[in-house]
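Q: Structure below; questions to follow.
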Amino acid sequence: MIRFDRVTKRFPDGTVAVDELDLTAPTGKITVLVGPSGCGKTTSLRMVNRMIEPTSGAIYLDGTDTADLKAAEMRRGIGYVIQHAGLFPHRTIVENIGAVPTLLGWDKKRIQERSMELLERVGLDPSVARRYPSQLSGGQQQRVGVARALAADPPVMLMDEPFSAVDPVVREQLQDEFLRLQDELDKTIIFVTHDIDEAIKMGDQVAVLRVGGRLAQMADPAYLLTHPADDFVADFVGRDRGYRALSFQASPRLPLHSERTLLMGEATDRTDEWILVVDDEHRPQGWVEPSRLSGPVTEADLQRGGTVARASGSLRAALDAALSAPSRRGVIVDDSGELIGTVRAHEVLAAIEDADRPELQDDDQAGSPAPDPAAEHTPS
Amino acid sequence: MIQSIIEWLLSPESWTGSSGIATRLWEHLLYSAIVVVLACVIAIPLGLYIGHAGRANWAVTLANSARAVPTLGLLFAMTLVVGPMISSELAFVIPSIAVLVLLAIPPVLSGAYAGVASVDPAARDAARGVGMRPLQVLTRVEVPCALPLLLSGIRAATLQVIATATIAAYVGLGGLGRFLIDGLASGDYVRTAGGALLVAALALTVDGVLALVERYAVSPGLTGKDVGDTAVVASTT
Ligand SMILES: Nc1ncnc2c1ncn2[C@@H]1O[C@H](COP(=O)(O)OP(=O)(O)OP(=O)(O)O)[C@@H](O)[C@H]1O
Ligand SMILES: [Mg+2]
């Protein structure tokens, strides 16, 4: 557990970057710090491993005041993912990953093995091991940055915009991979981002900071979206927050309709509007318009615009499936990807109306602890 | 003329003896090495400190402006002033070495300073972030990253010292400078030209050796050179 106790940072030039911050990052959870540029996220993060010393207040690591620890030794026990990776340009990728174990004096063979293991863990090809950072793409460098932070298996990780320098597709990939990793590792993580979507996706709890380094609200993502504390938070979490909040609501049992399907490679004499095409294992492939078919269905005939939702997924995914299907019938599959039926948008909406929103908490105020940091959520 | 220079350079008699080419070459090399090592011992720690701390930058400026002082004038002045204070042979050795060291300091100092100052702040930050102590940050990250500029400073200094060490002959020290001076004095221009050629050849050879050292000492990650297997890797991924 990491606890900020009335932490203030005033730089020599008078800038107050962090102001009386009280915050607790629970063990085994991801706590996200989010807020507009210059609101003090990086400063807050770097005070934890004492890259920056607080002006007043204290930060406790599992109950120990960090001011009482030796800075260099403490940092070896905290994984730090630096904004834009910050790799050592003169060292190879394996050497970069092995930086902390080397400082800890592990033997060479163990460092090598651990580094190679992590390389694969973060989804990099072992062949990049002997390359130098300048020979890697931005996304690959960020993976190395994450691997380096994980190398000595620290219980605590500080991550400063770890996925910022990559395009949205790779970014999403890195986020998903990291959430999967965290599922196994259960690290105590403080994660900084200025992107509210990333905050909501990654966070077990989210702390919204306003410029001047003050905490505006601390809550779990679903609560933040449904009950922003004030105009600033409401504005910051964005316009379609109502829609996005559905990501955190599991679908109830939706009224599914059975769907007549067509196997890939089959022809049909039906002429009704849209038909769903499935493969041999009954997995949805796309929609076709029979009137346009001139024989058996081929890949090229498929309309792939529709998304597919898992029955165990969120209401947002179910609604999106209905809205995006050209037939307006949302495709629902089971966990193995097999078609189980379709659902229409108004049926999902009815389910949404029946579902409970997170309750407003009586003691809700800026800075109050998250209602239930343990609340599960499925990343969308 | 050219013919006779080549003859002089190739004849075994001119290479042997206490004033032969071999001896002079060795003297020249020895003085130059002593000078460069001394300059490095003084200028590298200073340059690293200035670059690392970002303080006392005036020292670099000062050293660079000292380059304007005419070396030969300084050498005579030093020999006149310091010479009488020291007895024995050292009366000539110390002033000329001191002058050459002064000459070599600015490029080494600037190289070390610029090298450390140019280290990517993100790398330095990462070094602290993974838990290196200040000295480890210096030796494991700042110095290796500063190496390209530091080594080119040393190379520049070495070239300059080898070229200028000829003047040491004026105050009675040996080295290849003797051929130039004696040649001029006795009107033996073959020797003068041959000596000059030898100095140039020595400078180029030493520079070539240093270039090789640089090639092996500097991490390929800094020079952007391919690591060899990259092309293969790229095509298989
Ligand atoms: N060393 C420093 N000296 C003076 N002011 C600083 C220093 N470092 C940061 N600041 C100021 O403190 C404030 C917070 O900076 P910080 O880097 O923590 O912001 P941030 O939330 O991480 O922003 P971004 O999203 O742009 O990274 C800013 O106003 C910044 O200008
Ligand atoms: Mg920042």
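Q: Picking from B:I154, B:I167, B:I162, which residue would you name as being touching a residue at least 40 places away in the same chain (Cβ under 8 Å), more than 16 Å from B:Y49 (Cα to Cα) and touching a Pro at 6+ places or on another chain (Cβ under 9 Å)?
A: B:I154
Q: Report yes if A:G86 is within 16 Å of ligand 1 (Cβ to nearest atom), assigned by TED's automatic domain parsing to the domain that holds A:F178 and touching a Leu at 6+ places or on another chain (Cβ under 9 Å), otherwise no.
A: Numbers: within 16 Å of ligand 1 (Cβ to nearest atom): yes; assigned by TED's automatic domain parsing to the domain that holds A:F178: yes; touching a Leu at 6+ places or on another chain (Cβ under 9 Å): no.
Against the criterion (within 16 Å of ligand 1 (Cβ to nearest atom), assigned by TED's automatic domain parsing to the domain that holds A:F178 and touching a Leu at 6+ places or on another chain (Cβ under 9 Å)), A:G86 does not qualify.
Q: Turning to a different aspect of this structure: Report whether or not B:A91 is within 14 Å of chain A (Cβ to nearest Cβ) and more than 18 Å from the chain's Cα centre (by Cα). First the steps, then the outcome.
A: Values: within 14 Å of chain A (Cβ to nearest Cβ): no; more than 18 Å from the chain's Cα centre (by Cα): yes.
It is false that B:A91 is within 14 Å of chain A (Cβ to nearest Cβ) and more than 18 Å from the chain's Cα centre (by Cα).
Q: Moving to a separate point now. Hey, does segment A:133-147 have a residue that's within 16 Å of ligand 2 (Cβ to nearest atom), assigned by TED's automatic domain parsing to the domain that holds A:P89, crowded, with 24+ Cβ neighbours inside 10 Å and closer than 18 Å to B:G221 by Cβ?
A: Here is the first cut: in segment A:133-147, the ones within 16 Å of ligand 2 (Cβ to nearest atom) are A:142, A:145.
Narrowing the set further to residues that are assigned by TED's automatic domain parsing to the domain that holds A:P89 leaves A:142, A:145.
Subsequent filtering for residues that are crowded, with 24+ Cβ neighbours inside 10 Å retains A:142, A:145.
Then drop every residue that is not closer than 18 Å to B:G221 by Cβ, which leaves A:142, A:145.
Yes - at least one qualifying residue is present in segment A:133-147.
Q: Looking only at residues that are farther than 14 Å from A:V48 by Cβ and outside any loop (DSSP other than H, G, I, E, B) in segment A:1-16, which one is farthest from ligand 2 (Cβ to nearest atom)?
A: Only one residue tops the list, namely A:R6.
Q: Pick from B:L74, B:L109, B:L138, B:L100: which is surrounded by 14 or more Cβ atoms within 10 Å (Cβ to Cβ) and within 14 Å of another protein chain (Cβ to nearest Cβ)? Lay out the reasoning, then the answer.
A: On the way: B:L74 fails: within 14 Å of another protein chain (Cβ to nearest Cβ); B:L109 fails: within 14 Å of another protein chain (Cβ to nearest Cβ); B:L100 fails: within 14 Å of another protein chain (Cβ to nearest Cβ).
Answer to the selection: B:L138.
Q: Keeping to segment A:9-39, report how many residues are of a type in the set (S, T, Y) and more than 28 Å from the chain's Cα centre (by Cα). Walk me through how you get there before you give the answer.
A: In the first step, residues of segment A:9-39 are kept if they are of a type in the set (S, T, Y); the result is A:15, A:24, A:27, A:31, A:37.
So of that shortlist, the ones also more than 28 Å from the chain's Cα centre (by Cα) come out as A:15.
Going through segment A:9-39 one residue at a time, the tally reaches 1.
Q: List pairs: first in segment A:34-45 and touching a residue at least 12 places away in the same chain (Cβ under 8 Å) and more than 14 Å from every other protein chain (Cβ to nearest Cβ), second part of a helix (DSSP H, G or I) and near ligand 1 (Cβ under 6 Å from one of its atoms), Cβ under 8 Å, 6+ apart or cross-chain?
A: A:V34/A:K41; A:G35/A:K41
Q: Do we find a residue being on the phi > 0 side of the Ramachandran plot and more than 14 Å from every other protein chain (Cβ to nearest Cβ) anywhere in segment B:146-167? Walk me through how you get there before you give the answer.
A: Within segment B:146-167, the first condition is being on the phi > 0 side of the Ramachandran plot, and the residues that meet it are none.
No: segment B:146-167 contains no residue that is on the phi > 0 side of the Ramachandran plot and more than 14 Å from every other protein chain (Cβ to nearest Cβ).
Q: Can you tell me which of A:A219, A:A147 is hydrophobic (A, V, I, L, M, F, W, C) and over 18 Å from A:K29 (Cα atoms)? Don't jump to the end; show me each part of the working.
A: On the way: A:A219 fails: over 18 Å from A:K29 (Cα atoms).
From the options A:A219, A:A147, the qualifying one is A:A147.
Q: Checking A:D153 against (1) surrounded by 19 or more Cβ atoms within 10 Å (Cβ to Cβ); (2) on the phi > 0 side of the Ramachandran plot, only one condition comes out false. Which one?
A: Evaluating A:D153 over (1) surrounded by 19 or more Cβ atoms within 10 Å (Cβ to Cβ); (2) on the phi > 0 side of the Ramachandran plot leaves (1) as the failure.
Q: Let me ask another. For segment B:186-218, how many residues meet the condition of being polar (S, T, N, Q) and at pLDDT below 90? So that I can check it myself, show each step before the final result.
A: Kept after step one, since they are polar (S, T, N, Q), are these residues of segment B:186-218: B:186, B:192, B:205.
Among the residues that remain, those that are also at pLDDT below 90 are: B:186, B:192.
Here the count works out to 2.
Q: So, one more: Could you tell me whether A:T31 is buried (at least 18 other Cβ atoms within 10 Å of the Cβ), assigned by TED's automatic domain parsing to the domain that holds A:L181 and within 8 Å of ligand 1 (Cβ to nearest atom)? Break it down into steps so the answer makes sense when it comes.
A: Values: buried (at least 18 other Cβ atoms within 10 Å of the Cβ): yes; assigned by TED's automatic domain parsing to the domain that holds A:L181: yes; within 8 Å of ligand 1 (Cβ to nearest atom): no.
Answer is no for this residue.
Q: When segment A:183-192 is examined, which residues are found to be at pLDDT 95 or above and either surrounded by fewer than 17 Cβ atoms within 10 Å (Cβ to Cβ) or within 16 Å of ligand 1 (Cβ to nearest atom) (or both)?
A: A:I190, A:F191, A:V192
Q: Exactly one condition in (1) free of Cβ contacts under 8 Å to residues at least 12 places away in the same chain; (2) within 24 Å of B:L202 (Cα to Cα) is false for B:G73; which is it?
A: For B:G73, the failing item is (2).
Per-residue answers, yes or no, for (1) modelled with pLDDT under 95; (2) of a type in the set (A, V, I, L, M, F, W, C):
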| site | (1), (2) |
| --- | --- |
| A:D5 | no, no |
| A:F11 | no, yes |
| A:T15 | yes, no |
| A:T31 | no, no |
| A:S37 | yes, no |
| A:L45 | no, yes |
| A:R50 | no, no |
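Q: Out of all the residues in segment A:45-60, which are away from ligand 2 (no atom under 14 Å from the Cβ) and either surrounded by fewer than 20 Cβ atoms within 10 Å (Cβ to Cβ) or not assigned by TED's automatic domain parsing to the domain that holds A:I190 (or both)?
A: Across segment A:45-60, the qualifying residues are A:R50, A:E53, A:T55, A:S56, A:G57, A:A58, A:Y60.
Q: Working only within segment A:36-63, note down all residues that are within 8 Å of ligand 1 (Cβ to nearest atom) and on the phi > 0 side of the Ramachandran plot.
A: If the condition is that a residue be within 8 Å of ligand 1 (Cβ to nearest atom) and on the phi > 0 side of the Ramachandran plot, then A:G38, A:G40 are the ones that fit.
Q: Taking the options A:R210, A:R148, name whichever one is within 13 Å of ligand 1 (Cβ to nearest atom) and either among the charged types (D, E, K, R) or in contact with a Lys or Arg (Cβ under 6 Å, 6 or more places away or on another chain) (or both). Steps first, answer last, please.
A: Values: A:R148 fails: within 13 Å of ligand 1 (Cβ to nearest atom).
Step by step, each of A:R210, A:R148 is checked, and only A:R210 is within 13 Å of ligand 1 (Cβ to nearest atom) and either among the charged types (D, E, K, R) or in contact with a Lys or Arg (Cβ under 6 Å, 6 or more places away or on another chain) (or both).
Q: Could you list, ordered by first residue, the pairs with Cβ atoms under 8 Å in which the first is in segment A:57-85 and over 19 Å from A:D153 (Cα atoms) and more than 14 Å from chain B (Cβ to nearest Cβ) and the second is part of a helix (DSSP H, G or I) and among the hydroxyl-bearing types (S, T, Y), at least 6 apart or interchain?
A: Note: pairs meeting the criteria are A:A58/A:T66; A:I59/A:T66; A:Y60/A:T66.
Q: Regarding A:T42, is this residue more than 28 Å from the chain's Cα centre (by Cα), of a type in the set (S, T, Y) and within 16 Å of ligand 2 (Cβ to nearest atom)? Break it down into steps so the answer makes sense when it comes.
A: Numbers: more than 28 Å from the chain's Cα centre (by Cα): no; of a type in the set (S, T, Y): yes; within 16 Å of ligand 2 (Cβ to nearest atom): yes.
No, not satisfied.
Q: Going through segment A:151-182 one residue at a time, which ones are within 16 Å of ligand 1 (Cβ to nearest atom) and among the polar types (S, T, N, Q)?
A: Result: A:S164, single match.
The values are calculated or read from the model by the stated rules, or taken from the named source; none is laboratory data. Not measured: the values here are computed from a predicted model. Note that we place each Cβ from the backbone using ideal geometry, even for glycine, and neighbour counts take in every protein chain shown.
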